[in-house]
2 protein chains.
Amino acid sequence: MKLTTKIESFVMHCGEMGSRWGFNRTVGQMYGLLIIHENALTAVEISEALNISRGNVSMGIKELQSWRLVQVQHKPKDRKEYYSPAGSIWEMATRVFEERRKREVDPTLSLLRDNLLDEPSNQKEVYAQEKMHEIHDLLETGTHWARELQSMSPEKLKTLMKLGSGVSKVINFTDKLINKS
Amino acid sequence: MKLTTKIESFVMHCGEMGSRWGFNRTVGQMYGLLIIHENALTAVEISEALNISRGNVSMGIKELQSWRLVQVQHKPKDRKEYYSPAGSIWEMATRVFEERRKREVDPTLSLLRDNLLDEPSNQKEVYAQEKMHEIHDLLETGTHWARELQSMSPEKLKTLMKLGSGVSKVINFTDKLINKS
DNA sequence: CTGATGTTTCAGTAATTTCTGAAAGTTTAA
DNA sequence: TTAAACTTTCAGAAATTACTGAAACATCAG
């Protein structure tokens, strides 16, 4: 499992970005490796390519599975597990997005909803609740939009973008049409 | 600087989510506190409210400033600095989004661009470059869209959402209109 | 200038997160 | 049922990240 310079630079970059993307360095590297490699890899191959322990690979795979980002395959006459990325690049992006929403936004929305149910008990809380309300609405709007965009195919998105008019123009236009009728 | 239960739960939640949102626990708490508090706060007030050292507040403020999320004010006859959130909730969300893009996406785009300039030197690299190309295009499309959405006011977004038709329907509709003409 | 009142920096420490490797667990073929 | 081939788990070690508090720095009023 010797990696060429270019491939290695990609894999290492995924590692460095890993923590920013929601997982840790090795998990990032593992994911990068699986994406960039045409064939599915065994745990041992991964551990050798990245110089990490076998146990760490196992934990990393578990983590990637919790993000629904890897698949396990089996080959006939072979008891080893072969790992490969789950779905197309687009699907992967969608999943990272969704999972991050679950981890980063949903808990906040739920806390805000709870807090907004109570009556404010003093002046400070009135202000606080106003702010919480604003944040709540913003997050709801955001997740709604995200879901809409994700439900579109990447081809459609690209086509639309290439039409030359920005999304906002498109929407302004439609807005006017709808309001007129 | 005694916090009511409800406000405290919000602030602590911001702390717990902090690391997921791109900063660390105390920075998250500090930001939550500034948002939820009507008046600007001094460094000492923050350190007392959150039970953290004065030095930590200073570093946290610096971090929040690097995200363009806090402002400093001065009051007449007072040499202390008063901190408050910069801009509306919408603007803050926009900034978090932008800054995260800078930290999470831009470096990757730049690496991919560099790698794509070179000719692949073997079969494996041909495959690797295909994948990198896909990722590159996806990220470009995504950032483009994000920018478009951010350029719209939240009121406009809300209005549109409440029209009842989903974004994708709106876009499909416009798409047809444009293609017809 | 000087001291009072503030802010920033940073070395050392504390807390947290990640990683290893050995032991335990699982599956399969014979 | 056994043993070979593989995976998972997890306690402790290593690495990383965050925090403190004291010293250095900055600004201003008198």
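The values are calculated or read from the model by the stated rules, or taken from the named source; none is laboratory data. Keep in mind that this is a model prediction, so the values were computed, not measured. Cβ atoms come from the backbone with ideal geometry, glycine included; neighbour counts cover every protein chain shown. Calculation scope for accessible area: heavy atoms of the full protein, side chains included, ligands and nucleic acids excluded. Shrake-Rupley method; radii C 1.70, N 1.55, O 1.52, S 1.80 Å.
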**Asked** When you scan segment B:35-53, how many residues do you find that are more than 14 Å from chain A (Cβ to nearest Cβ), aliphatic (A, V, I, L, M) and part of a helix (DSSP H, G or I)?
**Response** 4
**Message:** Here are the criteria: (1) more than 12 Å from DNA strand C (Cβ to nearest atom); (2) at pLDDT below 95; (3) open to solvent by less than 80 Å² (accessible area, probe 1.4 Å). Tell me which single one B:Pro76 does not satisfy.
**Reply:** (3)
**Asked** Here are some conditions: (1) within 16 Å of DNA strand C (Cβ to nearest atom); (2) within 13 Å of the chain's Cα centre (by Cα); (3) away from chain B (no Cβ under 14 Å). A:Tyr82 meets all but one. Which one does it not meet?
**Response** (2)
**Request:** Return the residue satisfying two criteria in turn: it lies in segment A:3-14 and is over 16 Å from B:Ser110 (Cβ atoms) and either of a type in the set (A, V, I, L, M, F, W, C) or in contact (Cβ under 8 Å) with a residue 12 or more places away in the chain (or both), and of such residues it is nearest to the other protein chains (Cβ to nearest Cβ).
**Result:** A:Ile7
**Message:** Suppose we keep only residues that are of a type in the set (Ser, Thr, Tyr) and either in contact with a His (Cβ under 7 Å, 6 or more places away or on another chain) or farther than 16 Å from A:Thr94 by Cβ (or both) within segment A:118-151. Which one would you say is surrounded by the fewest Cβ atoms within 10 Å (Cβ to Cβ)?
**Reply:** A:Ser121
**Options A:Thr108, A:Thr141: the member that is at pLDDT 95 or above and within 8 Å of another protein chain (Cβ to nearest Cβ)** = A:Thr108
**Asked** buried (at least 21 other Cβ atoms within 10 Å of the Cβ) and within 12 Å of DNA strand C (Cβ to nearest atom): does that describe B:Ile46?
**Response** yes
**Asked** From A:Lys80, A:Lys124, which residue is among the charged types (D, E, K, R) and either closer than 23 Å to B:Ala128 by Cα or within 16 Å of DNA strand D (Cβ to nearest atom) (or both)?
**Response** A:Lys80
**Asked** Name the residues in segment A:23-43 that are under 11 Å from A:Val11 (Cα atoms) and either within 14 Å of DNA strand C (Cβ to nearest atom) or among the charged types (D, E, K, R) (or both), would you?
**Response** A:Arg25, A:Thr26, A:Val27, A:Gly28, A:Gln29, A:Met30, A:Tyr31, A:Gly32, A:Leu33
**Asked** When only residues in segment A:11-55 that are under 22 Å from the mean Cα position of the chain (by Cα) and among the polar types (S, T, N, Q) count, which is farthest from DNA strand D (Cβ to nearest atom)?
**Response** A:Gln29
**Asked** Under 8 Å by Cβ, and 6 or more places apart or on different chains, what pairs join a residue from segment A:60-73 that is within 15 Å of A:Ala93 (Cα to Cα) with one that is within 12 Å of DNA strand C (Cβ to nearest atom) and open to solvent by 20 Å² or more (accessible area, probe 1.4 Å)?
**Response** A:Leu64/A:Phe23; A:Trp67/A:Gly22; A:Trp67/A:Phe23
**Request:** State yes or no: is A:Ser88 more than 12 Å from DNA strand C (Cβ to nearest atom) and within 14 Å of chain B (Cβ to nearest Cβ)?
**Result:** yes
**Request:** For segment A:85-114, name all the residues that are surrounded by fewer than 16 Cβ atoms within 10 Å (Cβ to Cβ) and of a type in the set (Ser, Thr, Tyr).
**Result:** A:Ser88, A:Ser110
**Item:** Qualifying position, being closer than 21 Å to A:Pro154 by Cβ and surrounded by 14 or more Cβ atoms within 10 Å (Cβ to Cβ), among A:Leu69, A:Leu64
**Value:** A:Leu69
**Request:** Kindly indicate whether B:Leu160 is open to solvent by less than 50 Å² (accessible area, probe 1.4 Å), modelled with pLDDT under 75 and assigned to a helix (DSSP H, G or I).
**Result:** yes
